[in-house]
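Since every read-out is calculated from the coordinates, none of them should be taken as a lab result. Fair warning: this is a prediction, and the values are worked out from it, not measured in the lab. Every residue, glycine as well, gets a Cβ built from its backbone with ideal geometry; the counts of neighbours run over all protein chains shown.
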Amino acid sequence: MSPAARRALGLVAVGVLVAVVCTFLGRWQWHRHEWRDAQIAVVEANYDATPVPLADVLDGVGDALTDDEAWTPVRVSGRYDAGSTVLLRNRPVDGRPVYHVLVPFVLDRAGGGSAGAPPVLVVDRGWVAVGEDASSAVDVPPPPAGDVTLTVRLRAGEAPGRPAPAGYTHAIAVDQVLAQGGAQGSAYRAYGSLVAEDPAPTTPLGALAAPSLDPGSHLSYAFQWWVFALGALVGFSLLARREITDARAVEADGAPDPAAPPAPAPRRGRRDGRAEAEEDALIDAQLAEPGGR
C-alpha cells in the first residue's frame, strides 16, 4: 500500500470516529430534551389543577409520589409544629440568597403513622432573607397557630444532603428535616410547597417561585452535534480524496511524491582502477611534450 493510500485510510478512520462520537452526544442531548419536555408537560397539567384531598394522591406515609403526580395541589388540615422549624440552605430565589422555611405539619387524622400517631407532612412555607454574612441568626415569622388548612403542591422528597448544624439542612429529605428539627412522627415521602394557609399568617414569607417552563437548548445542541458528525464524514473524506488525487498527479508527472520518504543516497566508493590508469597516462603525455615539466 502506498504512503498516500495509508494516509487516506487514516483520515477516513478519524472522520468515522469523530462522527460516531458526535452522533452519540447528539442522542444524549435528544434524550435530555425529551426528559425536559416530559417535566414541562407534568407542570402544565398539574400546577393549576383544582386541589384534591391528600388521600386521593398518596395512600399513606410509605406511598411514593410518581413523576406524573408532581406539583399536584392538595388540601390538608392539622397543626404546624413550629418548634421543629428547619432552614434550607443554598437554594436561592431569583439569584438572591435566602433560607427556605421548612416546617413539619401534623395532620389531624390518624393513619400512616406508627401506633396510630398522626402522620407528618413537611411543608416548604416560603423563604426569608439571610443575614448580612449568611451566618448570623435570622428572624423567621411564625406560622399560624392552632388548626390550619393548607393548600400545597406535592413534590417528591430529595436525597439526603451533607451534614448541617442543628436547625439547618442542605436538602428537603423528609427524614433529615425531621431529625434536624427534633420532630417526632412518621413523615410522608413527599413534601408540600405552600400555596395558601387558612387562617393566613400575621407575617407572610416570601412566595415560592413557579417552576420554569424553559425547555432549554438540548434540542438545538442535538442538531448541532449531528451536523458536526456529518461535517466530520464529509470533511475527512475530502481530505482523503485529495491525498489520493495528489499522489496520482505526482506519478503522472514523473516527479517523486513530496510526502514519500526520501530515497537513500548512493554510497560513494573508490574510483575503479581503469579510470586511474587513464588519468596517469594523460599526465605522462603532458610531461613528455616539449616544455613539459
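Quick look at the numbers
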quantity	calculated
Sequence of W226, W35, W127 once ranked by neighbouring C-beta atoms within 10 Å, starting from the fewest	W35, W226, W127
Within the range 27-124, percent of DSSP bridges classed antiparallel, to nearest 5	85
The range 49-198 - percent relative contact order, Cα under 8 Å, separation 6 or more	29
Counted charge near D56, where neighbours are those whose Cβ lies closer than 12 Å (Asp, Glu -1; Lys, Arg +1)	-2
Among 227-236, 175-184, the order from most to least packed when residues are scored by Cβ within 10 Å on average	175-184, 227-236
Summed side-chain charge close to A41 - residues other than A41 whose Cβ falls under 11 Å, Lys, Arg +1, Asp, Glu -1	-4
GluC sites (Glu not before Pro) within the range 1-104, DSSP loop, no more than 15 other Cβ atoms inside 10 Å	none
Net charge contributed by nearby residues that have their C-beta within less than 11 Å of A222 (K/R +1, D/E -1)	+1
